[in-house]
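Quick notes on the structure that follows.
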Amino acid sequence: MQRLWRAPWPRLRRWARADRLALLHKLGGVEARAEVTSGLRELLVGEGQGVLATLSARRDGWPFASIAPYALSERGEPLLLMSDLAEHTRNIRADSRASLLVQDSAALADPQAGSRLTLLGRVEPLEQEEAPSAQARYVERHPQSAGYFAMADFHLYALRLTEARFVSGFGDMGWLTADRLHRELAPSYRTRCRAQAPPTLMRPIARVSID
């Protein structure tokens, strides 16, 4: 019986896939190169809302995700305005570990093709001397939030960074230390936040929802 000839393409595709997986595994623990982080500042300064993941106090540490508008402090740390009634506030009081995912809103049609940044750290109340500057920065970034500061149950917190994972495209990914994040973010926020800030994503106070 004559053996049928088979095209090599499926095998080549399997090899190509294996090569990609090997590359991703190799890059998994590598610190991000300078060229990889070139879009990090633009992403975090240009966006104003992320997804905050905390550890559920009610469900024994299950991950709990909620929306989180943010601004940046002088050091480049995310500032979060949180209500005492919010579930994520209860969570961070029990365990302050959290992560904040920020993604390129211009790439939502194909989110895996866009850049994204996951910031890891601990959510902590602000020191007294930090509060005036932090509030001014937050209101500058989200003007509609000004009224929340008159409410007794809303308080600003900072995500004290420990490290981050940045993905800017296929094969362009890596980890960043807290020190490197501060170097990357602080100067850009001071000089560019006001010019690049898009319209606020927060809703009017009368329609606010508590996560």
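Every number here is computed from the coordinates shown, using simple stated rules; none is lab data. Since we're looking at a predicted model, the values are computed, not measured. Note: ideal-geometry Cβ built from the backbone for every residue, glycine included; neighbour counts use all protein chains shown.
The figures follow:
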read-out: Filtered residue count, segment 85-116, keeping only those that are of a type in the set (A, V, I, L, M, F, W, C), part of a helix (DSSP H, G or I) and either within 14 Å of the chain's Cα centre (by Cα) or crowded, with 17+ Cβ neighbours inside 10 Å (or both); value: 1
read-out: Breaking point among (1) within 30 Å of GLY174 (Cβ to Cβ); (2) touching a helix residue (DSSP H, G or I) at 6+ places or on another chain (Cβ under 7 Å), for SER105; value: (2)
read-out: Hits in segment 117-136 - residues which are crowded, with 17+ Cβ neighbours inside 10 Å and touching a residue at least 60 places away in the same chain (Cβ under 8 Å); value: LEU117, LEU119, VAL123, ALA134
read-out: Residue within segment 62-74 that is crowded, with 22+ Cβ neighbours inside 10 Å, in contact (Cβ under 8 Å) with a residue 12 or more places away in the chain and out of contact with any strand residue (DSSP E or B) (no Cβ under 6 Å at 6 or more places or on another chain) present; value: yes
read-out: Subset of segment 137-156 that is within 21 Å of the chain's Cα centre (by Cα) and free of Cβ contacts under 8 Å to residues at least 60 places away in the same chain - its residue that is surrounded by the most Cβ atoms within 10 Å (Cβ to Cβ); value: VAL139
read-out: Single condition VAL51 does not satisfy, out of (1) outside any helix (DSSP H, G or I); (2) among the hydrophobic types (A, V, I, L, M, F, W, C); (3) buried (at least 19 other Cβ atoms within 10 Å of the Cβ); value: (3)
